[in-house]
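S.K.: This structure is in structure tokens; I'll ask about it shortly.
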Amino acid sequence: PLSELSESQQAVLQKYLINGETTWAEVIRRVARFVSSAEATPELQQYWEEKFLSVLLPMKLVPGGSILA
């Protein structure tokens, strides 16, 4: 939930919530799904979506604003 994020993280997140998203996990899942959609097969798409989620969800990597949007 948003309450687990710092104030600055919450402020940044608010700018990138779309289509009813309310959590960082929802934003990141959207981003990971979109980026991995460039792969040729559903299996590769799933593999890369999971890889992206593994670094994005714990905020080991935070993409720039244009990527989040």
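The values are calculated or read from the model by the stated rules, or taken from the named source; none is laboratory data. What you see is a predicted model; the values in this text were computed from it and never measured. Reconstructed Cβ throughout: ideal geometry from the backbone, glycine too, with neighbour counts over all protein chains shown. SASA here: full protein model, heavy atoms, side chains in, ligands and nucleic acids out. Shrake-Rupley method; radii C 1.70, N 1.55, O 1.52, S 1.80 Å.
S.K.: Would you check if Glu39 is farther than 16 Å from Gly64 by Cβ and outside any loop (DSSP other than H, G, I, E, B)?
M.R.: When the stated conditions are applied, Glu39 does not pass them.
S.K.: Looking only at the stretch 24-40, which residues are of a type in the set (A, V, I, L, M, F, W, C) and open to solvent by 80 Å² or more (accessible area, probe 1.4 Å)?
M.R.: Phe34, Ala38, Ala40
S.K.: Test of understanding: among Glu49, Glu43, which residue is at pLDDT 95 or above and open to solvent by 50 Å² or more (accessible area, probe 1.4 Å)?
M.R.: Glu43
S.K.: Okay, next question. Can Glu21 be described as open to solvent by less than 60 Å² (accessible area, probe 1.4 Å), of a type outside the set (Ser, Thr, Tyr) and assigned to a loop (DSSP other than H, G, I, E, B)?
M.R.: Yes; evaluated as a whole, the condition is true for this residue.
S.K.: Next question. List the residue pairs whose Cβ atoms are under 6 Å apart, where the first residue sits in the stretch 4-29 and is under 21 Å from Val55 (Cβ atoms), the second is among the small types (Gly, Ala, Ser), and the two are 6 or more positions apart or on different chains.
M.R.: If the second residue must be among the small types (Gly, Ala, Ser), the pairs left are Tyr16/Ala69.
S.K.: What's the total number of residues in the stretch 32-60 that are within 16 Å of Leu5 (Cβ to Cβ) and among the aliphatic types (A, V, I, L, M)?
M.R.: 3
S.K.: Within the stretch 1-18, can you find the residues that are open to solvent by 50 Å² or more (accessible area, probe 1.4 Å) and hydrophobic (A, V, I, L, M, F, W, C)?
M.R.: Ala11, Val12, Ile18
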